[in-house]
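Here's the structure, in structure tokens; my notes come after.
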Amino acid sequence: MIIDVPEGKDPILYVWGEMVPGIGPAASRFATSVYADGTLGLREFEAARLRVAQINGCLFCQDWRTEKDGVKVEDGFAEAVTQWRTTGDFDERTRLAAEYAERYSLDHHGLDDGFWTRMKAVYSDREIVELSMCLGSWIAFGRLNRVLGLDVACVLPEHATRRAEG
């Protein structure tokens, strides 16, 4: 980890909450709202999120699986995301979400008219804006966690429960 965290402090809570109190909690609220207030379907949401996680290299983000209405994507979904161009497991919306995530992350200047024609054929303008905001959050905060080494300090909720019990 790059940041010195005082003994006894949770690295995530310290960095995101205490170190920069005017920015960290606001960033945390934005990152949380992507999950709490999003309206996109689970598969396109997770395809985009996982593709960004794979590009960012954030270990925690790659392990995380979003749950909506008690449902998570199937085992093997992350592997399908790496093969978004050729997998038979994705419908057009899911494939485009993964493609948009990759292009937004690596070559946002290359988003051409042909791409936008395909996007607008299956996504509303509101959905495109929502997905773009989600991508911005995941790119920024996943990279922040990875660059500062916080991704090794993040703990999935079920791991935190086991850690507290053990």
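The values are calculated or read from the model by the stated rules, or taken from the named source; none is laboratory data. The structure displayed is predicted, hence computed values, not measured ones. Here the Cβ positions follow ideal geometry from the backbone for every residue, glycine too, while neighbour counts run over all protein chains shown. For the accessible areas, the whole protein counts, side chains as well, though only heavy atoms, and no ligand, DNA or RNA atoms are used. Shrake-Rupley method; radii C 1.70, N 1.55, O 1.52, S 1.80 Å.
Taking the solvent-accessible surface of protein heavy atoms with a 1.4 Å probe, what is the per residue accessible area of the chain in Å²?
Heavy-atom SASA per residue in the chain reads 55 Å².
For mean projected area of the Cα convex hull in nm², the choices are (1) 9.7; (2) 11.0; (3) 13.2; which was calculated from the structure?
Of the listed options (1) 9.7; (2) 11.0; (3) 13.2, (2) comes from this structure.
Give the accessible area for S124 in Å² (nearest 10); use a 1.4 Å probe, count only protein heavy atoms, and leave out ligands, DNA and RNA.
For S124, solvent-accessible area is about 50 Å².
Relative contact order for the chain using alpha-carbon pairs under 8 Å, separation at least 6, rounded to a whole percent?
35 percent
Over all alpha-carbon pairs of the stretch 1-60, lay out the pair-distance distribution in 10 Å bins, whole %, shortest bin first.
Bins of 10 Å from zero give 19, 38, 34, 10, 0 percent of pairs.
Rounded to whole Hz and in sequence order, give me ³J(HN,Hα) for the stretch 87-102 from the Karplus expression 6.51 cos²θ - 1.76 cosθ + 1.60, θ = phi - 60°, writing x for Gly and Pro.
For the stretch 87-102, the Karplus curve yields 4, x, 7, 10, 7, 4, 5, 5, 4, 5, 5, 5, 4, 4, 4, 5 Hz.
For the Cα atoms of the chain, what angle does the longest principal axis make with the long axis of helix 42-56, in degrees from 0 to 90, nearest 10?
For helix 42-56, the angle is close to 60 degrees.
Roughly how much of M19 is accessible, in Å² to the nearest 10, using a 1.4 Å probe?
Counting only protein heavy atoms, M19 exposes about 90 Å² to solvent.
What does the helix-only formula give at 222 nm for the chain: each DSSP H stretch with n ≥ 4 adding -39500 (n - 2.57), the total divided by the residues, and the result rounded to the nearest 500 deg cm²/dmol?
Result for the chain, helices only: -18000 deg cm²/dmol.
Would you mind working out the magnitude of the charge dipole of the stretch 7-123 relative to its Cα centre, with +1 at each Lys and Arg C-beta and -1 at each Asp and Glu C-beta, to the nearest 20 Debye?
The calculation lands at about 240 debye.
Quick one: how many Å² of I23 are accessible to a 1.4 Å probe, rounded to 10?
The value for I23 is about 110 Å².
Quick one: with all protein chains in place, what share of the accessible area of the stretch 1-123 is carbon or sulfur, to the nearest percent (1.4 Å probe)?
52 percent
Give the ranking of D37, D75 by solvent-accessible surface, highest area first, calculated with a 1.4 Å probe.
I get D75, D37, largest accessible area first.
Go through 91-100, 5-14, 78-87 and give me the packing order, highest mean Cβ count within 10 Å leading.
By packing density, highest mean first, the sequence is 91-100, 78-87, 5-14.
For every other residue with a beta carbon closer than 15 angstrom to the beta carbon of T86, add +1 if it is Lys or Arg and -1 if Asp or Glu, then tell me the sum.
-3
Among A31, A101, A47, determine the one that fluctuates most according to a GNM of the chain built with springs between C-alpha atoms less than 10 Å apart.
Answer for the Gaussian network model of the chain: A31.
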